[in-house]
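Report on the following structure.
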Amino acid sequence: MKPIRIDIARAYDPPGDDDGARYLVDRMWPRGVTKESLRIEAWLREVAPSTELRRWFGHDPERWDAFIERYRAELDDNVEAWQPLAEAARHGRLTLVYGARDREHNQAVALRDYLQEKLAHR
């Protein structure tokens, strides 16, 4: 069994040649970015945090731990949304694409960690 590799990439950075399958995991399309420049397999809006959670979090690092807890609860309640990502990760390298400025406190980081945990128990 090959190891699961899930990376994250900012939508405003150029795609890497070794990114594997790339999926946009934002609820909103990144401003000023074309679909061609993202080189994504799909835009999975439903896997992103709810609008209410996203607005509450506001990328405030002080709310990061609470955001992760709430976002994981949303993911637990919406398995169908993240199953395509889990399936893609089983077949090769996966890159989660996001638009936020903060590279450490964003939904792609939280989603990557969530998926890695779920896939480790397969």
| message | One quarter of the convex hull surface, Cα atoms only: what value does that give for the chain in nm²? | response | 7.3
| Electrostatic dipole magnitude of region 6-120 [Cβ: Lys, Arg +1; Asp, Glu -1; Cα centre; debye, to 20] | 340
| task | Can you grab the distance from the C-alpha centre of region 94-122 to the C-alpha centre of region 8-82, Å, no decimals? | result | 8
| task | Starting from the Cα of Arg31, step 7 Å toward the Cβ, then list every residue of region 37-78 with an amide N under 20 Å from that point. | result | 37-38, 49, 51-61
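Here, each number is a calculation from the coordinates, and none is a lab measurement. Quick caveat, the model's predicted, so the values are computed rather than measured. No Cβ is skipped: glycine too gets one built from the backbone with ideal geometry, and neighbour counts run over all protein chains shown.
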